[in-house]
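Here is the structure we will look at, set down as structure tokens.
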Amino acid sequence: RVGISSPQTRTRDYPHQFSGGMAQRVMIGMGISCVPSLLIADEPTTALDVTIQAQVLALIRQLARELGVAVLLVSHDLGIISQMCHRVLVMYAGRVVEQASVAAIFRAPAHPYTRGLIECLPRLDGNGRLGAIGGTMPGLRALPPGCRFHPRCPVAEPRCAIETPLLGPLRAEHDVACHVARAS
């Protein structure tokens, strides 16, 4: 079902005998073997070339349709997110900072971190330089008080260093955890 040729003979193979794409297919097969209602795909295409990546994503999409399975896709690749997902949760340092439809996130990102991520994407028209998010990610053992992004945030206010912003509505079906975004 997941596209492994000669599966009867491959069952005796060791993991090192599978390519990256084949290993991903084996994991997807294991994931759907118990007919779940939710398939969690955590970085399913990391380290795969673009051709194999496209095949694995098409397989996940096909199986989700055929089996009626919801897919929770965890990825740092916004290109994959844009083609595979309906809704997006953006996380920073272990907290959800924004949640909306894919269209809303790409059209009008509200959290400064989300905006920074989108500015880092290469543009097809070749105009402009790639963006960069200043500063460094905090260590998870030494998280800053208040908004975890405030030390790197270009629009941080004094209260951002003290008060932790809660995830709340910005617009219909668009939530953000940012004092500044919700105030404007």
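Computed with every protein chain present, the accessible area of M22 is close to 40 Å² [probe 1.4 Å]. For the chain, DSSP calls about 70 percent of its internal beta bridges antiparallel. Placing a label point 7 Å from the Cα of L38 along the Cα-to-Cβ direction, the residues of region 68-88 with a backbone N closer than 14 Å are 69-74. Against the chain, whose longest principal axis is taken from its Cα atoms, helix 20-32 shows a tilt of about 90°.
Couplings for region 170-184, taken from phi via the Karplus curve 6.51 cos²θ - 1.76 cosθ + 1.60 with θ = phi - 60°, read 10, 9, 4, 6, 9, 10, 9, 10, 7, 4, 5, 4, 7, 7, 8 Hz in order; Gly and Pro are left as x.
In the elastic network of the chain, a GNM with C-alpha springs shorter than 10 Å, the most mobile of Q99, Q83, Q53 is Q83. A Förster distance of 45 Å, applied to the separation of the beta-carbon atoms of F106 and R10, puts the FRET efficiency at 0.70. Applying both filters, DSSP loop and at most 16 other Cβ atoms within 10 Å, to the chymotrypsin sites (Phe, Trp or Tyr not before Pro) of region 8-115 gives F18. Would you please give the FRET efficiency between R95 and T51, computed as 1/(1 + (r/R0)^6) with r the Cβ-Cβ distance and R0 = 30 Å, to the nearest 0.05? Calculated value: 0.25.
Principal-axis analysis of the Cα atoms of the chain puts helix 50-67 at an angle of about 80° to the longest axis.
Paramagnetic label reach from A172 (point 7 Å along Cα→Cβ; backbone nitrogen cut-off under 19 Å): within region 97-113, residues 99-110. Based on the Kirkwood approach, the hydrodynamic radius assigned to the chain is 18.8 Å, with every pair of different Cα atoms included. Using the Cβ of C147 as centre and a radius below 11 Å, the other residues enclosed give a net charge of +2, where K and R count +1 and D and E count -1. Accessible area per residue (1.4 Å probe, heavy atoms of protein chains only) ranks H179, H86, H111 as H86, H179, H111, with the largest value leading. Dividing the Cα radius of gyration of region 48-135 by its Kirkwood radius returns 1.00 for Rg/Rh.
Residues whose amide H falls under 5 Å from that of L170, counting only those 5 or more places apart or on a different chain, are D175, V176, with hydrogens built in the peptide plane.
Find out how many positive minus negative residues lie around L63, taking Lys and Arg as positive, Asp and Glu as negative, among other residues whose Cβ is under 15 Å from that of L63.
Taking every Cβ under 15 Å from that of L63, the sum is +3.
Select from region 83-170 those trypsin sites (Lys or Arg not before Pro) which occupy a DSSP coil region and have at most 16 other Cβ atoms within 10 Å, ordered by residue number. Those satisfying the criteria are R123, R129, R141.
The values are calculated or read from the model by the stated rules, or taken from the named source; none is laboratory data. This is a predicted model, so every value here is computed, not measured. Reconstructed Cβ throughout: ideal geometry from the backbone, glycine too, with neighbour counts over all protein chains shown. Protein only, heavy atoms only, side chains kept; ligands, DNA and RNA dropped before computing areas. Shrake-Rupley method; radii C 1.70, N 1.55, O 1.52, S 1.80 Å.
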